[in-house]
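Single-structure report; data block below.
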Amino acid sequence: MREQSKRAEANRQAIAQTMQIDLTRQFRDKCAIVGVGHSRLGRVPGVSALDLQIEAIRNAIEDSGVRLSDIDGLLCRGPQDVYCHHQLVGARLGINARFSTSVDSGGASQALSVALAVMAIQAGMASTIVVGFGGDAWSSTHANEDARLANDTHGAKRPKEFGLEYGFTGAVAAHALGAQRHMDIYGTTREHFCEIALVCRENALRNPDAQMKKPFTRDDYFNARMVVAPFGLFDCSLRSDGAGAVIVSSAERARDLRQHPVLIKGFGSFNNTRGWFADDNMVHTAAARSGADAYRMAGLGPSDVDVAQIYDCFTYMVLTELEDYGFCKKGEGGDFVASGALRMGGALPCNTAGGLLSEGHVDGMLHICEAARQLRQTHAPARQVKDAEIALVSGHGGNQVCHASLILGRD
Amino acid sequence: MSEAPRRPLPSPPQESQAFWAAARGHRLSIQHCNACGQAWSPPSQLCTHCLSADSKWIDAAGRGTIFSFVVVHRVYHPWFANKVPYAVAVVELEEGPRLLTNITGVDPAALRCGMSVTVTFEDVSADLSIPKFTATPSA
Ligand SMILES: [Zn+2]
């Protein structure tokens, strides 16, 4: 019996190893981001999430030089109450698609969609795929108090117990639970979270399209009202109207198009679907295994990364993801960010367009756009990470436990 | 003046009704699997460890530790307007399961992960009591 289970385990390991080798061979450097676009961003009243999405896609198409009629794949996602968003996108673009769906993993959906686009292209299911997200979170939560309440308490979408009766209202409190646990275990402080907020704001001030235009200081951070302790106002990302899109095609084709190709070198995904409260998932996030797979596919490691776009729905998430991605050891994220590593010119410039905290919360779609732009090396000098060759992008969401990672490289 | 805001209360699905019925009698009830011997929460028809349908409800001892906690300052729902700041925690019971709850009767500044807590019940109405936790009195 024991002999049998040993053999079964050896078998499983052999299969797992074979699969990893095949993944690397089939997907590394085979596809590229060939177009990047975003819409108006921030407060864009009177324009629907869908129209913003189309605006971003139009900009990505123009950027790339592909024709609208070349597009045969749509991996587009919208606000959570929109049914089959991707179909509505196809209708407004006036095209049919061979491969089309909306991924449902919250903020991980966009990075995961880029990975799916590569898989679909390699499987011969499509050749030119739009990955996009469009949202109207600012407008929809500022329409009236009922809309705000429905958003904050997740209305009918959540179980009707073990939540709101305790005054527990979803994302802010859930992430704050992780932040507090990290603080109590490792001695992480709000000073560390403050540094992350400051980095994002300073980067946003160099980005003319960013939602946040005003500088803030360490004092402003500590004087701001508490939201859900340990989070204050500046630990929380924005509510934004806006959209982003990228176009994925084969690396071969990318070399004949308008822009310098940005290769998709590796991707990975992991989901702690047992839940945010289970195991120690609040502190050891799914970024760890998601990142490990992406590194393996790319044949790279954390020391190869020149610039990182880390999903920053809350300051704490950046800190814990940096640890999980191996930029420092678990528990040392506070020291790592305090060293100034995340700043322009630092060891790992991070969220260089301002992130969800200060550029705009478009569910991480703009992180992918910014990573590609950094690797094209076409930013104005103040925004450009010098000689950026390798970028890491993270996506996090789906009740805090779904994660996807991309490693992109300059061709 | 608008009318007073309605307190958000649980409207439990089928699988949780035994939990809330027990809470009304000031018992903290969790499911225990007869097949694998483990307990779980929140309630579900099949054991979340082994998917067995052979389980029973047991009364938890009502003791546990704070796995993590937050202090809510913002008024998300108008009923909580005069309750902020209040503490929300995930408590790990001695029996294993973790529950979302409130910590009452403790200065929020004194809360720590790992702190020992004991169940207490807030009687909301003739039909409903809500389990919460408070600091375990030192022996
Ligand atoms: Zn069981």
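Based on the reciprocal of the average 1/r between different C-alpha atoms, the Kirkwood radius for region B:14-135 equals 15.3 Å. What is the calculated FRET efficiency for B:Lys83 to A:Asp256, with r their C-beta to C-beta distance and R₀ = 45 Å, to the nearest 0.05? Efficiency, from the Cβ-Cβ distance: 0.10. Quantify, in whole percent, the carbon and sulfur part of the accessible surface of the protein assembly as shown (1.4 Å probe; protein heavy atoms only). About 51 percent, which is the carbon plus sulfur part of the accessible surface.
Shown are B:His49, A:His396, A:His361, whose ranking by accessible area with a 1.4 Å probe and every protein chain present, most to least, is B:His49, A:His361, A:His396. When the listed pairs B:Lys83/B:Lys132; A:Lys160/B:Lys56; A:Lys213/A:Lys329; A:Lys213/A:Lys386; B:Lys56/B:Lys132; A:Lys160/A:Lys330 are checked against a 26 Å cut-off, the alpha-carbon distance exceeds it for A:Lys213/A:Lys329; A:Lys160/A:Lys330. With labels modelled as points extended 7 Å from the Cα through the Cβ direction, what inter-label distance (nm, one decimal) is found for A:Leu233 paired with A:Lys30? My value for the distance between the label points is 5.0 nm. To the nearest Å, what is the center-to-center distance of region A:218-246 and region A:52-93, using C-alpha atoms only? One Cα centre to the other: 29 Å. Between A:Thr188, A:Thr217, A:Thr285, the Gaussian network model of chain A with springs among Cα atoms under 10 angstrom shows the greatest mean-square fluctuation at A:Thr217.
The simple spin-label model puts a point 7 Å past each Cα toward its Cβ; for A:Ala347 and B:Leu51 those points are separated by 4.5 nm.
Computed extension gain for B:Arg6 through B:Thr134, at 0.36 nm per residue and net of the alpha carbon distance, reaches 43.6 nm.
With a probe of 1.4 Å, find how much accessible area chain A has per residue, and write the answer as a whole number in Å².
So chain A comes to 40 Å² accessible per residue, rounded to a whole number.
In summary, the lysines within cross-link reach of A:Lys265, defined as a Cα separation below 18 angstrom excluding same-chain residues under 8 places away, comprise A:Lys30.
The share of C-alpha pairs in the protein assembly as shown whose separation exceeds 37 Å stands at 34 percent. Helices in chain B, meaning DSSP H runs of at least 4 residues, each add -39500 (n - 2.57). Divided by all residues, the mean residue ellipticity at 222 nm is -1500 deg cm²/dmol.
Computed with a 1.4 angstrom probe on protein heavy atoms, the A-B interface buries about 3000 square angstrom of accessible area in total. For the pair A:Ala380 and A:Gln17, a Förster radius of 30 Å applied to the C-beta separation gives a FRET efficiency near 0.10, rounded to the nearest 0.05.
The values are calculated or read from the model by the stated rules, or taken from the named source; none is laboratory data. Because the structure is predicted, anything quoted here is derived from the model rather than measured. With ideal geometry, Cβ positions are generated from the backbone for all residues, glycine too; neighbour counts draw on all protein chains shown. Side chains included, ligands, DNA and RNA excluded: accessible areas come from the protein's heavy atoms. Shrake-Rupley method; radii C 1.70, N 1.55, O 1.52, S 1.80 Å.
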